[in-house]
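The values are calculated or read from the model by the stated rules, or taken from the named source; none is laboratory data. Since the model is a prediction, treat every value here as computed from it, not as a measurement. So basically every Cβ, Gly included, is an ideal-geometry build from the backbone, and we count neighbours across all protein chains shown. Only protein heavy atoms, including side chains, enter the accessible area calculation; ligands, DNA and RNA are left aside. Shrake-Rupley method; radii C 1.70, N 1.55, O 1.52, S 1.80 Å.
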Amino acid sequence: MLSGKRIILGVTGGIAAYKAVFLLREFQKAGAEVRVTMTPSATRFVGLETFTSLSGHDVAIEIFPKEEQATEWTRHINWGEWADLFVIAPCTGNTLAKIANGISDNMLTATVLAARSPLLICPTMDGEMYESPSVSENLKKVESFGYHILEPESGFLASGLEGKGRLPEIDVILEKASEIIGSVKGPLEGKKVIVTAGPTREFIDPVRFISNPSSGKMGFAMATAAQRLGAEVTLIHGPVSIDKPEGIITKSIVSAEDLYKAVQQNADADVIIMSAAVSDFTPANTFEHKVKKESGDNTINLKNTTDILSWLGERKPTHQTLIGFAMETQNLIQNATSKLERKKADWIIANSLSNKDTGFEADTNQVHVLGKSSKTEFKGTKQEVAERVLKFIFDSE
Ligand code: CTP
């Protein structure tokens, strides 16, 4: 259940903070990606380097990062958007009180406010503290916010006293985390989604073809994003040299005609995302053998390929969401809006090729999402953009 999931582990300043190291390892063993945020007092119990090296990611403590990372002051928002689950273990009475009152004076508590994921709080403190009226009130309050609470266990406490307040065993936390994640249904749960990606190749003869520099990165990111939102994804892609996403059915094609046939077989899907950079032209004649330069024929006659997106738009079933892309070098919005109408798509994701951070090969992108009645803009890594786009589209539908 935790495999491939993204977890923020929040660690606060209690003696059980050292157990969070083991919890981090177990989350990772279960296949989750973990980022750690600590309160400043948690660093008195466990060195942040321990969590940094084990998580393979910077540990966030303060909202305002060091000067050299000054643009990263929105990290709590990005982390809040990134996570599938936020687990605070151990959670002190102090942090609990802050959460109950919306106080956001450090990275951990600010991320609580920014989080879009479920939150699991593991209150851990001395027995008397746990039984105190304010802690009881705060627990009721945070439960009423919809946050999950994992009750502490009873036993021998750091004070030398016996009582209720111990951090539950790691496997108990893991089980609760899996149960929470398993209960979250993404907006594409149970939907069949087809994503096309990468370039096509139109062969002239066995050694020459017409193609384009599409890397397939954006289409692959769209496929992974759809899968994260619960979809059953099939990715149909042209020749690319990037890794296949895990857990996604892939089908490779070469030409625009191959892609057209593969899409036709899946034309009833709930969602079709045409991110492929389909060649608009293909040679009118192809040669079985390599054309020799001595033949003197240096003209290639071309014919149009089928416009697959338009073909889909013409026969779109009512249950289907049809998403196209528009790659433009000029008049981005105007051209993309005309493609939305002309191709009868529900959405067009438009990006300009005139910027080095948004091109075919780049890992980042900046897109305009144009629908019939709403539009927006996103930028970030291709994966972030893909997730934001799909969340926007399926929250609007
Ligand atoms: N597309 C398609 N079949 C084609 C060409 C393009 O399905 N033969 C799809 C692309 O996958 C994309 C959308 O149409 O989702 C727009 O592609 P783009 O290359 O931007 O536009 P074109 O239709 O090729 O128009 P133009 O070349 O005039 O910009």
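Counting only protein heavy atoms and a 1.4 Å probe, the chain has 49 square angstrom of accessible area per residue. Less than 12 Å Cβ to Cβ from residue 225, Lys/Arg counted +1 and Asp/Glu -1: what total charge do the surrounding residues give? Local net charge: +2.
Distance distribution P(r), the chain, all Cα-Cα pairs, bin width 20 angstrom from 0: 25, 44, 24, 6, 1 percent. Extent along the principal axes, Cα only, for region 144-265: 82, 26, 21 Å, with the longest axis given first. Treating each Cα of region 32-93 as an identical point scatterer and summing with the Debye formula, the log10 of I(q)/I(0) at q = 0.15, 0.19 Å⁻¹ comes to -0.49, -0.80. Estimated translational diffusion coefficient (Stokes-Einstein, Kirkwood radius over Cα pairs, 20 °C, 1.002 mPa s) of region 209-261: 181 µm² per second. Rounded, prolate or oblate: which fits region 130-179 when a ≥ b ≥ c are the square roots of the eigenvalues of the alpha-carbon gyration tensor, with rounded for a/c under 1.5 and prolate only if a/b beats b/c? Here region 130-179 falls in the oblate category.
For the chain, with all protein chains present and a 1.4 Å probe, just round the carbon and sulfur fraction of the accessible area to a whole percent. Carbon and sulfur together cover 49 percent of it. Region 1-77 and region 132-148 have their alpha-carbon centroids 24 Å apart. In terms of the Cα gyration tensor, with a ≥ b ≥ c the square roots of its eigenvalues, is region 6-183 rounded because a/c is under 1.5, prolate because a/b exceeds b/c, or oblate? Because its axes are fairly even, with a/c under 1.5, region 6-183 counts as rounded.
In this label model, residue 74 and residue 207 are separated by 5.1 nm, measuring between points 7 Å along each Cα→Cβ vector.
Taking a straight Cα-Cα cut-off under 26 Å and skipping sequence neighbours fewer than 8 places away in the same chain, the lysines within cross-link reach of residue 141 are 98, 164, 176, 185.
Look at the dipole of region 192-396 built from charges on Cβ: of 254, 269, 215, the Cα furthest out on the positive end belongs to 269. Computed from point charges on the beta carbon alone (+1 for Lys and Arg, -1 for Asp and Glu), the dipole magnitude for the chain about its Cα centre is near 940 Debye.
Convex hull volume per residue, computed on the Cα atoms of region 258-358, equals 146 Å³.
Compactness check for region 192-396: Cα Rg over 2.2 N^0.38 Å is 1.03. Roughly how many Å is it from the Cα centre of region 343-382 to that of region 215-236, as a whole number? Using only Cα atoms to place each centre, the spacing works out to 16 Å. Using the average count of surrounding beta-carbon atoms within 10 Å as a protection proxy, the listed peptides 291-303, 49-61, 381-393, 164-176 rank, highest first, as 381-393, 164-176, 49-61, 291-303.
Annotation for residue 141 and residue 363: the two label points, set 7 Å from Cα along the Cα-Cβ direction, are 4.2 nm apart. In terms of packing, defined here as the mean over residues of other Cβ atoms within 10 angstrom, the peptides 18-27, 222-231, 154-163 line up highest first as 222-231, 18-27, 154-163.
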